[in-house]
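For reference, the structure discussed in these notes is given below.
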Amino acid sequence: MTTIAANLQQVNDRIAQACRAAGRAPAEVRLLAVSKTFGADAVAEAVTAGQRAFGENYIQEGVDKIISLRQSSPHRLEWHCIGPIQSNKTKWVAEYFDWAHTVDRLKIAQRLSDQRPADMPPLNICIQVNVDGGENKAGVSPADALQLALDVAKLPRLCLRGLMSIPEPAPDFAAQKAVHEQARQLFEDIRAALAAAGAPWAQPWDTLSLGMTGDMEAAIHAGSTMVRVGTGIFGGRTYA
């Protein structure tokens, strides 16, 4: 068993254990393997070990890997953009990715909708929320998240799925869980408001993208449906 395969098994075991401790079924939480700074060969190892969903923070790097693996992998992979999206990069996200987790402005959502090819399924969207007001974190404020959700839900080539948040590091499990629970409560509040809004609301609203290598257990206890794990699978990163 390769190191990546062993790490994947350990991460999946952590997810299953956290789900059981929280009284949830392990199938309720999806694993997104965050492959930024690692090459297509590392992703291919994870694919061989059974992983199919991958997150990329750097759009050009992600597109290069998507193209490479389309040619070399026999499996249909699912690609998530989890990094910041600038206006000059929306076309790449719209044309190559299956999900975008970091929409925090209507302008970006509109460009993604306009540029999504007609022969591809709608692009799955999570709205990024700066749930704890971190000064160095991107995301719409909780107070503005509902209006953005209502506006994004109207765009024709997008499928609004839920919320994503990356809170500031917290010192322990209780503190991690508390901040993730703020995101969960906002998720539920928006779900109720969208349902009450009626047409054109017809979106799944089923995804709460919370938790990384260091806080995934707390996120799962708070209600996360998708954890984003990089270091725990691929190891420490070396940045250029």
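Might you check whether a residue that is more than 22 Å from residue 37 (Cα to Cα) and in contact with a Phe, Trp or Tyr (Cβ under 9 Å, 6 or more places away or on another chain) occurs anywhere in the range 162-175? The answer is yes, given that some residue of the range 162-175 is more than 22 Å from residue 37 (Cα to Cα) and in contact with a Phe, Trp or Tyr (Cβ under 9 Å, 6 or more places away or on another chain). Taken together, the criteria place residue 86 among residues that are more than 23 Å from residue 31 (Cα to Cα), without any contact (Cβ under 8 Å) to a residue 40 or more places away in the chain and in contact with a helix residue (DSSP H, G or I) (Cβ under 9 Å, 6 or more places away or on another chain). For the range 197-234, taking the residues that are part of a loop (DSSP other than H, G, I, E, B), of a type in the set (A, V, I, L, M) and surrounded by fewer than 22 Cβ atoms within 10 Å (Cβ to Cβ), the one that is modelled with the lowest pLDDT is identified as 199.
Residues of the range 46-56 being part of a helix (DSSP H, G or I) and surrounded by 19 or more Cβ atoms within 10 Å (Cβ to Cβ), which ones? Hits for the range 46-56 are 46, 47.
Taken over the range 23-44, the residue count meeting the criterion of being farther than 17 Å from residue 70 by Cβ and either more than 21 Å from the chain's Cα centre (by Cα) or of a type in the set (Asp, Glu) (or both) is 2. The helices (runs of 4 or more DSSP H) found entirely in the range 86-184 that carry 1 or more residues being surrounded by fewer than 21 Cβ atoms within 10 Å (Cβ to Cβ) and in contact with a Lys or Arg (Cβ under 9 Å, 6 or more places away or on another chain) are 90-96, 106-115.
Based on this model, can you work out whether residue 194 counts as modelled with pLDDT of 95 or more, buried (at least 17 other Cβ atoms within 10 Å of the Cβ) and in contact with a helix residue (DSSP H, G or I) (Cβ under 8 Å, 6 or more places away or on another chain)?
no
The values are calculated or read from the model by the stated rules, or taken from the named source; none is laboratory data. Owing to the predicted nature of the structure, the values given are computational and were not obtained by experimental measurement. All Cβ positions, glycine included, derive from the backbone under ideal geometry; neighbour counts span all protein chains shown.
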